[in-house]
Amino acid sequence: MLEKLLVMIIGYSFGCIQSAYAVGKIVGGIDIRNHGTSNAGASNVTTVLGWRYGLFVAIIDILKGFFAVLFINLLYPGNVDLKILAGSMVIIGHVFPVVLGFRGGKGCASFVGALLAINPVFGLLNIAMIIAITLTTNYIALGTITMYIVCLL
């Protein structure tokens, strides 16, 4: 039980790293949550500040999911349940960060990062699918929704 609590705290802490908020403040002098879609995520940064900043935020958010799961794998090698718990907590920390009054992003990039660490092939296929659908339709939300549906199957 103590190890699960530790994993939850570690995962949530990684999730609370809010790159979209930081980029909004540093680059635009704004609280990104007060613009565009009103969330602290890569897609909103892309809409408000441009694709270069959005891509930067997406990479940071992917990496926080990836490294949280990787770190838990170093602490508890081969324990898939704890890796999944860590990844889930990264997403919860991203969506509901205590440091921003529980108003964060949607968690897609953090989910992709955790997925990459748990199953790299499936993670890469999901990234390719999001990119293909987004470039084809020009709607990142459609790529994200499709990814979630495919992951449920």
| task | Search the range 12-38 for residues that are crowded, with 18+ Cβ neighbours inside 10 Å and pair each with any residue that is among the hydroxyl-bearing types (Ser, Thr, Tyr) when their beta-carbon atoms are under 8 Å apart and the residues are at least 6 apart or on different chains. | result | Gly15/Ser110; Val23/Tyr53; Ile32/Tyr21; Arg33/Tyr21
| request: May I ask you to verify whether Ala128 is part of a helix (DSSP H, G or I) and in contact (Cβ under 8 Å) with a residue 40 or more places away in the chain? | output: no
| task | Mind telling me which of the residues Ala109, Ala132, Ala114 ends up being over 11 Å from the mean Cα position of the chain (by Cα) and among the hydrophobic types (A, V, I, L, M, F, W, C)? | result | Ala132
| Hits in the range 47-67 - residues which are more than 15 Å from Ala20 (Cα to Cα) and under 11 Å from the mean Cα position of the chain (by Cα) | Phe66
| Residue under evaluation Ile59, criteria (1) buried (at least 17 other Cβ atoms within 10 Å of the Cβ); (2) at pLDDT 95 or above; (3) closer than 20 Å to Ile130 by Cβ, criterion not met | (1)
| remark: Counting only residues that are buried (at least 20 other Cβ atoms within 10 Å of the Cβ) and farther than 14 Å from Ala42 by Cα, the range 119-146 contains a total of 2
| said: Name the residue that is surrounded by the most Cβ atoms within 10 Å (Cβ to Cβ), counting only residues in the range 88-106 that are among the β-branched types (Val, Ile, Thr) and within 8 Å of the chain's Cα centre (by Cα). | reply: Val90
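The values are calculated or read from the model by the stated rules, or taken from the named source; none is laboratory data. Please read these numbers as outputs of a predicted model, since none were measured by experiment. FYI the Cβ positions are ideal-geometry reconstructions off the backbone, even for glycines, and counts take in every protein chain you see.
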